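Structure, as structure tokens:
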Amino acid sequence: MRRELVALAVALPVLAIGFAIVRSERQLARSNEFVFAIGGYDPRDLLKGHYLQFRLRARDLPTREACDGSNGQTCCLCLMRTGRNDPVELTRATCATATDQCDGALAERYLSTSLRYYIPELEAPSLDQQLADAMQHEAATAVLAIDGPDRVQVRELRLYGVAIAAPR
Amino acid sequence: MSLRSQLDRWQAAGLIDAGTAERIEAHEAAQRRPIGLYALAALGGGTIALGIISLVAANWDAIGPRVKLGLDLALGIALAAASYYAAVRALRWATEVLVTVLYGFTLASLSLVGQIYQLDTPEYQALCLWSAVTLPLVLLGRSHFLAALVLLGLVTTHGFAFEALFDAIEGAAWAGRTTDDDLVATLLFTSPLLYAVLARVPWLVRERPHYAVTVTAAAWSAIAIGGFALQFLWYESVSEAPQLQLALATTAVLAGGFVWALPRLYPQLPLRARQGIAALFALAWIALVLSTAFNRDSLDVAGALLQIAWLGLLSWTCLHAGRLRTFNLLTAALALRIVVVYFEVFHSLLSTGMGLITGGVLTLLMAWLWRRQTRKLATRLAPGDAKGASDAA
């Protein structure tokens, strides 16, 4: 087999790993961070390592602008900051409006999607318990880095205002 | 039994002389490959890859993310360089080990990136990326073990991707119930055919025969199991027929196209065996149409009989393809299915001593018949050129 092809074959996997790192870094650099109230406790799923699973919490979702999701229109959450460490205010709007007029825009489907936060294996059982407890007292928040309505990375989980340890 | 013992036996029986025995031994010695060494090397490589995955899964809490990623990349580059060196120097066993390790390492590294950046990417996306970027790499290997490992990776990726696709179709506004069923049926019907065709890519057959054999075996196992499982549709009642519309036409075209391509895909296969395959696809398609196109109650007997017909036709095809070992396996499955039919039909008798005795007698009778008839059938029906060639191919 030609040497160039062998070189390409062995280099591709390493390039893919590098690409994944660069893409994640770029996304982080472009993102804005928002604090969200979280709820909805699920047990960890061992299939994908150790992580805590949660959902964004929005008790009321006022309508800023009518948006018909069943009509092919993409609906978003309009994110408005209230304070540096306070959860954002959420209203429902079209993605175009949310992107133009709000501090940030997030696809509405994230309200019904479970998000994951990886944690150190040894601390998993106690963190599990702490998260469940904080959710019960509505004192759990998540910091999300958002780079467009569909590009989200979980940056931090906070229980009673204190960030919990992520894998370093 | 070792070759030497067999040659001694044949010599003692007067089948070959001493000169022939020596020539056979010399020929076999020249053909011998260090398969054991390859297998051990690949096994060792696989274990190391698994170890790396476990390490990542267990989280290296003591190391910072950037150091961790840097080390990961450095290890990846070192592995890639070593794989390159081994491949261009044609160091077979070293290439097998290193390719296996790099294959597993890539998946572990993508998971590590996902963990560190807290990415919530669906599993199928990571698996698709992994399978795509490692495809040229794994083609540097040659062993059955690596072929089986890669096939497992591909099938897992395939499964996760289909699950995501089916979920997306189910939730899509444009897809009604029939569209759903149509797409699912078409994709499930097509998948094993796709692997069967891929396994016959001329480069793969010529340059990576172990890969071609492994993928072919897996594809035909999937076809055999799929055709058998298809008949379970008869065990359900249909009240909103037709359940399938577009899928019936699509699968007919695909099955017809596959049968049409058989002489090109398997030029060595005897005509009878190709006819058997054509009949198998016809049976599968007709069963799909009849079981879904009309409103009906559940027809368990039809399902059971069609499963017996399926196994019988498969056995006949294998016999004509010269696959005697598979033929024996399938006829054993056929005998077992007949015994299960007895228990399905007379299940109420299972609680009585007489029912159990009759069932036991039937089982023994089927075992005896199977043992007696398979040998006779194999001798009577097998074409001359297929006898004995069989499963070595």
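What to note about this one:
- Among the residues of the range B:208-227, none qualifies, meaning not one is charged (D, E, K, R) and either in a helix (DSSP H, G or I) or open to solvent by 40 Å² or more (accessible area, probe 1.4 Å) (or both).
- Counted residues, the range B:306-350 - those being more than 20 Å from the chain's Cα centre (by Cα), under 16 Å from B:I225 (Cα atoms) and without any contact (Cβ under 8 Å) to a residue 12 or more places away in the chain: 0
- Subset of the range B:291-327 [open to solvent by 60 Å² or more (accessible area, probe 1.4 Å) and assigned to a helix (DSSP H, G or I)]: B:D300, B:V301, B:L305, B:W316, B:R325
- The strands (runs of 3 or more DSSP E) found wholly in the range A:66-153 and carrying at least 3 residues that are free of Cβ contacts under 8 Å to residues at least 40 places away in the same chain and surrounded by 15 or more Cβ atoms within 10 Å (Cβ to Cβ) occupy A:75-80, A:89-94.
- Checking each residue in the range B:238-258 for being modelled with pLDDT under 85 and among the polar types (S, T, N, Q) picks out B:S239, B:Q243, B:Q245.
- Looking across the range B:183-207, the residues that are within 21 Å of B:A252 (Cα to Cα) and open to solvent by 50 Å² or more (accessible area, probe 1.4 Å) come down to B:L183, B:L188, B:L194, B:V197, B:L198.
- Residues in the range B:228-251 that are among the hydrophobic types (A, V, I, L, M, F, W, C) and surrounded by fewer than 17 Cβ atoms within 10 Å (Cβ to Cβ): B:A229, B:F232, B:A241, B:L246, B:A249.
- The range A:154-168, residues that are open to solvent by less than 20 Å² (accessible area, probe 1.4 Å), assigned to a strand (DSSP E or B) and at the interface with chain B (Cβ under 10 Å from one of its Cβ atoms): A:V154, A:L157
- Annotation note: of A:L79, A:L90, A:L15, A:L47, the sole residue that is modelled with pLDDT of 85 or more and within 14 Å of chain B (Cβ to nearest Cβ) is A:L15.
- A single entry from B:T186, B:T179, B:T134 fulfils the requirement of being within 14 Å of chain A (Cβ to nearest Cβ) and among the β-branched types (V, I, T): B:T134.
The values are calculated or read from the model by the stated rules, or taken from the named source; none is laboratory data. Please read all numbers here as calculations on a predicted model, not as lab measurements. Note that each Cβ is placed from the backbone with ideal geometry, even for glycine, and that neighbours are counted across all protein chains shown. Please note that ligands, DNA and RNA were not included when accessible areas were found on the heavy atoms of the full protein model with its side chains. Shrake-Rupley method; radii C 1.70, N 1.55, O 1.52, S 1.80 Å.
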